[in-house]
Amino acid sequence: MSLPPGFLDELRSRASLADVAGRKVIWDRRKSNQARGDMWAPCPFHQEKTASFHVDDRKGFYYCFGCHAKGDVITFVRETENVDFMEAVRILAAQAGMEMPDRDPQAQAKADRRTRLAEVMEDAVRHFRMQLSTAAGAAARDYLAGRGLDDPTLDRFEIGFAPDAWRGLLDHLRGKGIDDDTILAAGLARTGRNGGPPYDTFRGRVMFPIRDARGRCIAFGGRAMAPEADAKYLNSPDTDLFDKSRTLYNHGPARQAAGKGQTLIVAEGYMDVIALAAAGFDAAVAPLGTAVTEHQLQLLWRMADEPVIALDGDTAGLRAAHRVIDLALPLLEAGKSLRFALMPPGKDPDDLIREGGPAAMQGQIDAALPMVQLLWRRETEGRAFDSPERRAALDKALREHLGRIRDASIRAHYGQVIKELRWQLFNPRRAARQEGTGKGGARWRPVGVARPTTKSSLLVAAGDRAHDGLRRAVILATLVMTPDVTEEFETALEGLDCPDPEQARLRDLILRHWPEGAEGLRGRIVRQMGEDALEKLLSLPHVAITPAVRHPGDMETARLTMAEELAKLTAERGLAAEVSEAAEDLSGLADEAVTWRLGQAAEARNRALRSETQDGTEYDTGDNGARIRRDEREEFDALLDSITFSKPGR
């Protein structure tokens, strides 16, 4: 249904976001300013105790600084009520006292036709249900009982049976006064060849009604009872009611269950969905005989942020998972992704539940893989990378996949994860462990060996954030020289992220042994890390000139050095995180909140780094680029001035 121009603008102006959101949250009175429409509360979209959910009622937008949910009043109703766009508009219009606009005559006629077709489909549901209980349906009842479906489950999903007769349903509907054109339009009958009389679409099949999100029967799926049937499963043809690329089996009940917090599960077929629902997994849906489409994926994301794709544990199931990945990559948004639960080989969810019960299925859901992990396995599992060419081919394939992700922030995060996975795959230590294993020896070997000085370089260990590695070196050296200060900064040291293994090991030794004093700690380090470990750390130029290292045991100097370097690390990370989030927000609903957050983060970073500017009062830069203490340089210059050089002949 299309809405007339200006309707949504008027709706947004009438429906106060603060009033609508106020039905779902409790405003923080100390932080909120109701007169200015500046409202704060704990976020309704994630569990928290602090008031990070902000509503700007004058502009009509909300933003959560915790989970980054954002939108307008229509988006808020859609997300909190778990409904589609038009339903959210209807809810708000009723609350605002606005009437939904009338449809034009042509649209009304089409709506009336769809209503009539839906009524015919309900007649067919009742007919098929009745046929299941007849003598003709005995084989179908036995089949369903063998699949573990009891009477309450049959009633819940309205499962029926179409006898193997050419015009059983057709004659039944004709007897109710329904004309052939309507029956054909509903997809319940087909025209005979060469203009022959129509006949039933479904014959000799167990029947599964397919309902839309509003609960109307719009199509059927039929499972053949005869092994020699042309198609094991047959769906209704596309009609004015039914488009299989835009429909999900069990959509309405699954949406309600997902809205109550259940995990949304996407299975392959009707029986999987029915088995899942019977086992308590009510938020289960399935595509209708085809691979998941873009429209179906959007339907899934409207119901849940991270649906779990539960596929059969065979080659076909894995191929289906790969097709879903290819479809989803360009569509990813912040907070919208997929996870994949791959069943054991030869099993589907129905098999797994019958053999191991709901607990077995829950275990698979809990172990579901993030999409990036399955993407990595797709490109690497079972392959050898023992040549530069093969490695280059892997890099090319991964770059192509990443290039299809439109969201810059998500693309960056995917790149970081894949970078880490790649490092693990090509880590020389891993290669050494694998050498001589597998067919023909190692699966791969390092192409070249780095120089020892290069491998130990903090610049290499730190990667893109080299300056962070330098700061960590100063922190660790300060604690080695004055370990008594560790107690004041123990919590910060425990949370210090050290990608470099040597730095991480040194951090752990300091945490365990600092009470032993400077000599005891340094002795531990030498015994466990080698005699050159401390020498390498303390001989680094930027470490050697640090006052806390030059004056060991000076508690005040060590305390100031620790506080300063930790503050700089925190400020750098905070600014980087805000810039990344701002890049995402600027592609969506951007407002002054984005620039305010960036300004605050930048100011925090500038305050933390301001001491570097102040260092100019204590250090000068020599001709060779090294820093030298200003007081020492002045003393040296004064010494030179005091030396009298005699002229020749005097």
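Derivation of every value follows stated rules applied to the coordinates shown; laboratory data play no part. Fair warning: this is a prediction, and the values are worked out from it, not measured in the lab. All Cβ positions, even for glycine, are placed from backbone atoms using ideal geometry, and neighbour counts span all protein chains on display.
Separation of the range 150-202 and the range 244-258, taken as the distance between their Cα centroids, equals 24 angstrom.
When peptides 194-205, 297-308 are ranked by their average number of other Cβ atoms within 10 Å per residue, the highest-first order is 297-308, 194-205. Given a Förster distance of 51 angstrom, what is the FRET efficiency for THR380 paired with ARG190, based on the Cβ-Cβ distance and rounded to 0.05? Efficiency, from the Cβ-Cβ distance: 0.60. Shape of the range 7-96 from its Cα gyration tensor (a ≥ b ≥ c, root eigenvalues): rounded if a/c is under 1.5, otherwise prolate when a/b > b/c, or oblate? Since a/c reaches 1.5 but b/c is at least a/b, the shape of the range 7-96 is classed as oblate. The listed peptides 406-415, 120-129, ordered by packing as a protection proxy, come out as 120-129, 406-415 (highest mean of other Cβ atoms within 10 Å first). Between ASP532 and GLU294, what length in nm is gained on full extension when 0.36 nm per residue of separation is reduced by their alpha carbon distance? 79.8 nm is the gain from fully extending ASP532 to GLU294. Packing order of peptides 18-25, 36-43, highest average first: 36-43, 18-25 (average count of other Cβ atoms within 10 Å over each peptide's residues).
Taking 0.36 nm per residue of sequence separation and removing the Cα-Cα distance, the ALA408/ARG113 pair yields an extension gain of 101.7 nm.
Counting Lys and Arg as +1 and Asp and Glu as -1 over every other residue whose Cβ lies under 11 Å from the Cβ of MET361, the net charge comes to -4.
Here the residues MET207, MET225, MET529, MET100, ranked from fewest to most Cβ neighbours within 10 Å of their Cβ, fall in the order MET100, MET529, MET225, MET207.
The simple Förster model, with R0 at 30 Å and r as the Cβ-Cβ distance, assigns SER387 and ARG319 a FRET efficiency of 0.65.
Legend: ranking of residues THR478, THR546, THR134, THR380 from fewest to most surrounding C-beta atoms inside 10 Å; resulting order THR134, THR380, THR546, THR478. Each other residue within a Cβ distance under 9 Å of PHE161 adds +1 if Lys or Arg and -1 if Asp or Glu, for a net charge of +3. Of the GluC sites (Glu not before Pro) found in the range 332-409, the ones in coil according to DSSP and having at most 12 other Cβ atoms within 10 Å of their Cβ are GLU381.
Taking a ≥ b ≥ c as the square roots of the eigenvalues of the alpha-carbon gyration tensor, the range 498-559 is classed oblate because a/c is 1.5 or more while a/b is no larger than b/c.
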